[in-house]
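Heads up, the thing below is written out as structure tokens.
The values are calculated or read from the model by the stated rules, or taken from the named source; none is laboratory data. Just so it is clear, the structure is predicted and the values come from calculations on it, not from any experiment. Because the Cβ atoms are built from the backbone with ideal geometry, glycine has one as well, and the counts that use them run over all protein chains shown.
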Amino acid sequence: MIAVDGVSKSFGSFVAIEDLSFEVAAGEIVGLLGPNGAGKTTMMRILAGVFPPSRGTVHVAGYDVVKDPLRTRAAVGYFPERVSAYLDMTVSSYLRYVAKMKGFSGSAANSQAVSAMGACGIEAVANRIIGSLSKGFRQRVGIAQALTGEPSVLILDEPTSGLDPEQVADMRDLIRGLGEKRTVILSTHILPEVESTCDRVIILHRGRIVAVDTTGNLSRRIQRAGRIFVEIDAPVEDARQHLSQFAGVSSVESKPRSGDSAASFIVMTEQDRDVRAALASSIVQRGWGLVELRSVAFSLEEIFLTLTQDQEGS
Amino acid sequence: MTRIWTICRRELQATFGSVVAYILLAVFMLLSGYFFYSDLVFILLMASFTPVAGLWQWVFLDLRLVTLLIVPLVTMRLFAEEKKLGTIELLWTYPVRDIEIILGKFLAAVAFFLVMLLPNAILCALLFSYHPFDLGPLMSAYLGLILLGVSFIACGLFVSSTTENQVVSAMVTYGILVFFWFLTWNEEAANQAALRILLGLSLFDRFFNFTRGVIDIRDVVFFVLFISFFLFLTWQSLTARKWRGVP
């Protein structure tokens, strides 16, 4: 459905993305994951037809984005990172306008608007002025705008950014539902989002692809080691020795003291071993006070670091 | 083609949905009405028994100033608002050509300008009903004013496409248009060859002929070229995203 081959894009001397190649099959939900400035938005704008690539070829729904820009755009629904709509229009008149811009006329435009509102659950606000809607609803209007015209490909740039947790959950359900019949590419810089919605992940870092993998494989690759934060009310050296000799622990690192008497450590564990419960009871058995014990997730930056190092190493 | 109309209609709905449109229409109507009245009184008192001879020249030279005052305020939001809201990016993802976006907005502004001229036409019709006159010079003056106003619109449309700030958009448009007006003010300072070129470029000197009832094809061509030039610049300005990115 989407074929990107050797695509680069630069603005003046700034290189936004370099030599990207990937393919997305029909019906897949693929996540573009990367920190800010990784080139996600640039790649998505190229797919949506906002501007052409500097080098390389991009095919969407069988059309070349450079040679056949209007047909490509007709096949793509785009939700921009900066959610935008004409604030002075009502939801339904705005979506009718969008349908007309996408080539539908009269009653066809009307039914497009109605079905897009239905799919996004915004029928209740159909006659409200967009400027008066809450952030969550505006985001849904943005998705409805992308859905109008029944495009076979949806490009969603950070669809959950700026929403509260409940709205984020709703949005993810919505996207999963949309992905049942369409090809979806969504970008995010939040790892759990990819895990909960996508079949496959493309990880971008500084304009290049760092990894392409299924979500399951990726989780395994990056979570092969666990990380636990422990704070113990005990002499530092004794505690360190106890922790480092514990079965399943690969390394221990002291943290600067945060409280009056407690010693804190970052403990790395071996792959696929959850030692938290055993570790906690052993500390208590020694007669020490267990102040805190929790697992520490890897930040996206750390994941990129390990993945880039993997790549350089292999 | 239908997309030009879709954009034009949305643009007009947005314009007439805002109070700004009515304020601009009211100011234009008041000022142009006042000039019409005072020029008519002036001609009657000072000039001759035939009230219409020479009237159009006075009236339309004044209307030129009101048009210069109002048009940049009409065109300032055309692209600047879309850039500020971010909706311009969405337009670029719809199956619509840049030129269709430009023409849709351009035609909407032209339509608004024609609506703005209506009350004045009513005054002329009223005068005609009391005192029939030769319509030729009036039509010539109207043609000139419409060409002048549409030229202003093309210029304002271009400036609007370069900024997301509506105030900047209006101010720069004023700057460019006033420059084209003042081009020939200090005629003594320029040498003869330079002056001929400057006179050729001055929007207002070109307009002057129309108010005297003279339609010179060269003047018409000049205005058409001026309009096309700024529409072309607008197109270039939109295309710049391809190498400059989306702001």
Among residues of the range A:138-147 being within 9 Å of A:Gly77 (Cβ to Cβ) and within 10 Å of chain B (Cβ to nearest Cβ), the residue farthest from the chain's Cα centre (by Cα) is A:Gln145
The lone condition A:Ser134 fails out of (1) more than 30 Å from A:Phe14 (Cβ to Cβ); (2) surrounded by fewer than 18 Cβ atoms within 10 Å (Cβ to Cβ); (3) within 14 Å of chain B (Cβ to nearest Cβ) is (3)
Being under 20 Å from A:Asp88 (Cβ atoms) and either exposed (fewer than 14 other Cβ atoms within 10 Å of the Cβ) or more than 10 Å from chain A (Cβ to nearest Cβ) (or both) narrows B:Leu25, B:Leu40, B:Leu44, B:Leu30 down to just B:Leu25
All-but-one check, A:Thr57 against (1) of a type in the set (Val, Ile, Thr); (2) within 16 Å of B:Ile88 (Cα to Cα); (3) surrounded by fewer than 18 Cβ atoms within 10 Å (Cβ to Cβ), failing number (2)
Only one of (1) buried (at least 18 other Cβ atoms within 10 Å of the Cβ); (2) of a type in the set (Ser, Thr, Tyr); (3) away from chain B (no Cβ under 14 Å) does not apply to A:Ser111, and that is (1)
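The rows are residues; the columns are (1) among the aromatic types (Phe, Trp, Tyr); (2) modelled with pLDDT of 95 or more.
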| site | (1), (2) |
| --- | --- |
| A:Glu28 | no, no |
| A:Leu33 | no, no |
| A:Pro69 | no, no |
| A:Tyr78 | yes, yes |
| A:Ala99 | no, yes |
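Residues are listed down the side, and each one gets a yes or a no for (1) basic (Lys, Arg); (2) within 30 Å of B:Ser18 (Cβ to Cβ); (3) within 12 Å of another protein chain (Cβ to nearest Cβ):
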residue	(1), (2), (3)
A:Val7	no, no, no
A:Ala25	no, no, no
A:Lys40	yes, no, no
A:Met43	no, no, no
A:Lys67	yes, no, no
A:Arg71	yes, no, yes
A:Thr90	no, yes, yes
A:Ala99	no, yes, yes
Of the candidates A:Glu18, A:Glu23, the one satisfying the condition of being assigned by TED's automatic domain parsing to the domain that holds A:Gly149 and surrounded by fewer than 18 Cβ atoms within 10 Å (Cβ to Cβ) is A:Glu23
Restricted to the range B:119-151 and to residues being out of contact with any helix residue (DSSP H, G or I) (no Cβ under 9 Å at 6 or more places or on another chain) and among the aliphatic types (A, V, I, L, M), the residue surrounded by the most Cβ atoms within 10 Å (Cβ to Cβ) is B:Met139
Please verify whether the range B:146-157 includes one or more residues that are free of Cβ contacts under 8 Å to residues at least 40 places away in the same chain and closer than 20 Å to B:Trp56 by Cβ. yes
The residue that is nearest to the chain's Cα centre (by Cα), considering only those in the range A:60-80 that are of a type in the set (Gly, Ala, Ser) and either assigned to a helix (DSSP H, G or I) or crowded, with 20+ Cβ neighbours inside 10 Å (or both), is A:Gly77
Among (1) under 25 Å from the mean Cα position of the chain (by Cα); (2) more than 8 Å from every other protein chain (Cβ to nearest Cβ); (3) hydroxyl-bearing (Ser, Thr, Tyr), A:Ser84 falls short only on (2)
**Asked** In this structure, does B:Trp56 turn out to be within 23 Å of B:Arg206 (Cα to Cα) and buried (at least 20 other Cβ atoms within 10 Å of the Cβ)?
**Response** yes
When the range A:175-196 is checked residue by residue, the ones that are under 19 Å from A:Glu81 (Cα atoms) and either assigned to a helix (DSSP H, G or I) or within 8 Å of the chain's Cα centre (by Cα) (or both) are A:Ile175, A:Arg176, A:Leu178, A:Leu186, A:Ser187, A:Thr188, A:His189, A:Ile190, A:Leu191, A:Pro192, A:Glu193, A:Val194
(Q) Taking the conditions exactly as written (more than 14 Å from chain A (Cβ to nearest Cβ) and surrounded by fewer than 18 Cβ atoms within 10 Å (Cβ to Cβ)), does B:Phe207 satisfy them or not? (A) no
Of A:Gly49, A:Gly27, A:Gly37, A:Gly56, the only residue that is in contact with a Leu (Cβ under 9 Å, 6 or more places away or on another chain) and closer than 28 Å to A:Glu195 by Cα is A:Gly49
Filtering the range A:202-216 down to residues that are surrounded by 18 or more Cβ atoms within 10 Å (Cβ to Cβ), part of a strand (DSSP E or B) and either at positive phi or of a type in the set (Val, Ile, Thr) (or both) yields A:Ile202, A:Ile203, A:Ile209, A:Val210
Sole miss for B:Leu238 among (1) away from chain A (no Cβ under 14 Å); (2) in contact with a helix residue (DSSP H, G or I) (Cβ under 6 Å, 6 or more places away or on another chain) is condition (1)
Based on what the data block shows, is A:Ser105 facing another protein chain (nearest Cβ under 8 Å), polar (S, T, N, Q) and on the phi < 0 side of the Ramachandran plot? yes
- Consider A:Val83 carefully, then state whether it is buried (at least 23 other Cβ atoms within 10 Å of the Cβ) and part of a loop (DSSP other than H, G, I, E, B). no
Those helices (runs of 4 or more DSSP H) completely within the range B:143-247 that have 3 or more residues that are within 21 Å of B:Val110 (Cα to Cα) and at pLDDT 95 or above are B:166-182, B:217-239
Margin query: Yes or no: the range A:102-117 includes at least one residue that is closer than 22 Å to B:Gly17 by Cβ and of a type in the set (D, E, K, R).
Written below: no
Filtering the range B:56-96 for residues that are among the β-branched types (Val, Ile, Thr), within 14 Å of chain A (Cβ to nearest Cβ) and in a helix (DSSP H, G or I) leaves a count of 2
